[in-house]
Amino acid sequence: MTDRIDLGKAYRPSGDVVVREIEGEIVIVPLTSGIGDIEDELFTLNATARAVWARLDGTRPLAAVVRELLDEYDAPAGAVEADVVGLAQELLDRRMIVAAG
């Protein structure tokens, strides 16, 4: 089992994935076995997830990512936080991101 997402931590892409933009879609491709999901080896991001992914650079905690998205989008704070945490947890569970530091 992986760790739980912590809003106070910064996260960055794992070194075990390659990220490409293909026809306007972000695609995350695992480089090693055990990354991602066997039935879904390629992981694509929708527009909202792309906004989160772009901020997962290991320099700012997830709480700062939530604040930035609240400034950018007209959405309830609870919904934005839930979306960020949910996506980050899925990416962490799939070992596509790691805690920075």
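Readers should treat all values here as calculations from the given coordinates under stated rules, not as data from a laboratory. Since this is a predicted model, take the numbers as computed values, not measurements.
Couple of notes before you dig in:
- The chain - Debye-derived log10 I(q)/I(0), Cα point model, q = 0.16, 0.17 Å⁻¹: -0.66, -0.74
- Remark: the range 55-72, residue by residue, has Karplus-estimated 3J(HN,Hα) of 9, 8, 10, x, 9, 10, x, 4, 4, 5, 4, 4, 4, 4, 5, 5, 5, 8 Hz, where x stands for each Gly or Pro and the curve is 6.51 cos²θ - 1.76 cosθ + 1.60 at θ = phi - 60°.
- Largest GNM mean-square fluctuation among Thr32, Thr59, Thr48, using the chain with Cα springs under 10 Å: Thr32.
- Contact order for the chain, expressed relative to its length and based on alpha carbon pairs under 8 Å spaced 6+ residues apart, stands at 42 percent.
- The calculated 222 nm mean residue ellipticity attributable to helices in the chain amounts to -10500 deg cm²/dmol, summing -39500 (n - 2.57) over DSSP H runs of n ≥ 4 and dividing by all residues.
- Computed extension length for Thr48-Glu90: 13.7 nm, one decimal, from 0.36 nm per residue of separation with the Cα-Cα distance subtracted.
- Degrees separating the helix 77-93 axis from the principal Cα axis of the chain, which is the longest one: 20
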